[in-house]
Amino acid sequence: EMLRSLAIDDDGNIVAGGGLIHPDGIDSILARYTPNGELDVSFGTDGLVSTDFGNYDTIFSLAIDGNGNIVTGGTVTSTNGDDFALARYKPNGELDASFGTNGLVSTDFGGNDDWITSLALDSDGNIVAGGGCEDSEGGRDFALARYKPSGELDASFGTDGLVSTDFGGG
């Protein structure tokens, strides 16, 4: 297991996200703790939620929206390599099926490896995800995407919701 991100909800509960390593790959995992540090057994199964989106998926960042929903960002393996991965969970830890496709949104920037390392929610509920993507020369670029609250890319941002910036380094 590896912990990658933390957030605190309006009740003072601590939500932790990361990855759970097992023989077949890595699954996204969430845990919620009460303010005194005990697992919150009302969340998921005895305080834990494990989600398998593919062979390799993990949470690198998370945020809690105004309704108590947990939005996670990370990476998921696809047929073209790794893609940006967003998921939204209800306050009880259940995937929110109204978000993206059954709670998951994956975005391919066109190269082999794309990953979210940070995300933020704006006052309108839009999700801004940042991380990296592989460019056409095999280098690494900054990558940003903005999504509507439904999980759909916001076409008014960048090029069809995506922005990548090459600073000239690896």
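The values are calculated or read from the model by the stated rules, or taken from the named source; none is laboratory data. Since the model is a prediction, treat every value here as computed from it, not as a measurement. Glycine gets a Cβ as well: all are built from the backbone with ideal geometry, and neighbour counts include every protein chain shown. Accessible surface is based on the protein model in full, side chains and every heavy atom, while ligands, DNA and RNA are left aside. Shrake-Rupley method; radii C 1.70, N 1.55, O 1.52, S 1.80 Å.
Data overview
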| quantity | calculated |
| --- | --- |
| Computed over the chain: relative contact order in percent, which uses C-alpha pairs under 8 Å that are six or more apart | 13 percent |
| Theoretical FRET efficiency, 1/(1+(r/R0)^6), r = Cβ-Cβ of T165 and L6, R0 25 Å, to 0.05 | 0.35 |
| Contour minus Cα-Cα distance for I14 and E152 (0.36 nm per residue) | 46.9 nm |
| Largest-first ordering by accessible area, 1.4 Å probe, given options T75, T165 | T165, T75 |
| Rounded accessible area of D27 (nearest 10 Å², 1.4 Å probe) | 20 Å² |
| Karplus (6.51, -1.76, 1.60) ³J(HN,Hα), θ = phi - 60°, over the range 10-25, in Hz, Gly and Pro reported as x | 5, 8, x, 6, 9, 9, 10, x, x, x, 10, 7, 9, x, 9, x |
| J(HN,Hα) series, the range 146-152, from Karplus relation 6.51 cos²θ - 1.76 cosθ + 1.60, nearest Hz, glycine and proline x | 10, 10, 6, x, 7, x, 6 |
| Shape metrics for the chain, restricted to C-alpha atoms - Rg then Dmax, Å | 15.6, 49 |
| Distant-in-sequence amide H partners of R4 (H built 1.01 Å from N, under 5 Å) | G17, G18, G19 |
| Amide H contacts of G93 (H built 1.01 Å from N, under 5 Å, at least 5 apart or other chain) | G44 |
| For F53, distant residues with modelled amide H under 5 Å away | S28 |
